[in-house]
1. With +1 on each Lys and Arg Cβ and -1 on each Asp and Glu Cβ, and nothing else charged, work out how big the dipole of the chain is about its Cα centre, in Debye to the nearest 20.
2. Students sometimes get this wrong: rank Tyr32, Tyr60 by accessible area, probe 1.4 Å, all chains present, largest first.
3. Quote the relative contact order of the chain in percent (integer), defining contacts as alpha-carbon pairs under 8 Å separated by 6+ residues.
4. Through the Karplus equation 6.51 cos²θ - 1.76 cosθ + 1.60, θ set to phi - 60°, convert the phi angles of segment 55-60 into ³J(HN,Hα) values in whole Hz; use x for Gly and Pro.
5. With unit charges on the beta carbon (Lys/Arg positive, Asp/Glu negative), name the residue among Ser21, Phe37, Tyr113 whose Cα is farthest towards the positive pole of the charge dipole of the chain.
6. Could you please state, rounded to a whole Å, how far the C-alpha centre of segment 1-45 is from the C-alpha centre of segment 56-124?
7. Determine ³J(HN,Hα), in whole Hz, for all residues of segment 73-83 in sequence, where each value follows from phi through the Karplus function 6.51 cos²θ - 1.76 cosθ + 1.60 and θ = phi - 60°; x replaces Gly and Pro.
Amino acid sequence: QVQLVESGGGLVQAGESLRLSCAASGRTFGTYAMAWFRQAPGKEREFVAAINWSGGSTSYADSVKGRFSISRVNANNTVYLQMNSLKPEDTAVYFCAADSTRWISWDAYEYDYWGQGTQVTVSS
C-alpha cells in the first residue's frame, strides 16, 4: 500500500514558478511509475506529466511541455513537479498518482494510488 501527500501549491502571478512535491509512504515506491494530473473546477481530470519507475523516461502533456519538469528521488520516496512560466490556465488542483505496473500512462484509470491534491492558482 502507498499513501501520497502533495505539497507546494499556492497563489502566484503569471510567469512565476512553483515546485510541487509528492511524498510517498511505502517500501515499494521505487517500483512504481508516478504521474501528475490536474483538475480545474467543472473540468475533467487531465494528464500533466509522468515518470517511469527508474526515472529514465518521462512524458508531458503538450500544454506544459517546455515549462514543466517531473523528477523523482527514489531514496527519498519523493516526486517533484517543477512548474515554470506559469499561466492562468494552469490553475487547478494538482494530484500525484502512482502506478504499480511501473510504466507511464496518460490514462488516470491506470493509476492505483492518489493523493488528495494541492491547489495551484495563477493570477494574471
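1. Working: 10 positive and 11 negative charges, 58 e Å.
Charge dipole, the chain, about its Cα centre: 280 debye, nearest 20.
2. Numbers: Tyr32 20, Tyr60 40 Å².
Ranking Tyr32, Tyr60 by accessible area, largest first, yields Tyr60, Tyr32.
3. Averaging sequence separation for qualifying contacts and normalising by length gives 36 percent for the chain.
4. My calculation for segment 55-60 gives x, x, 9, 10, 8, 9 Hz in order.
5. Ser21
6. Cα centroid to Cα centroid, the span is 5 Å.
7. With the stated coefficients, segment 73-83 comes to 10, 5, 4, 9, 6, 9, 10, 10, 10, 7, 10 Hz.
The values are calculated or read from the model by the stated rules, or taken from the named source; none is laboratory data. Given the structure is predicted, the values throughout are model-derived calculations rather than measurements. Cβ sites come from the backbone with ideal geometry, for glycine too, and all protein chains shown count toward neighbours. Please note that ligands, DNA and RNA were not included when accessible areas were found on the heavy atoms of the full protein model with its side chains. Shrake-Rupley method; radii C 1.70, N 1.55, O 1.52, S 1.80 Å.
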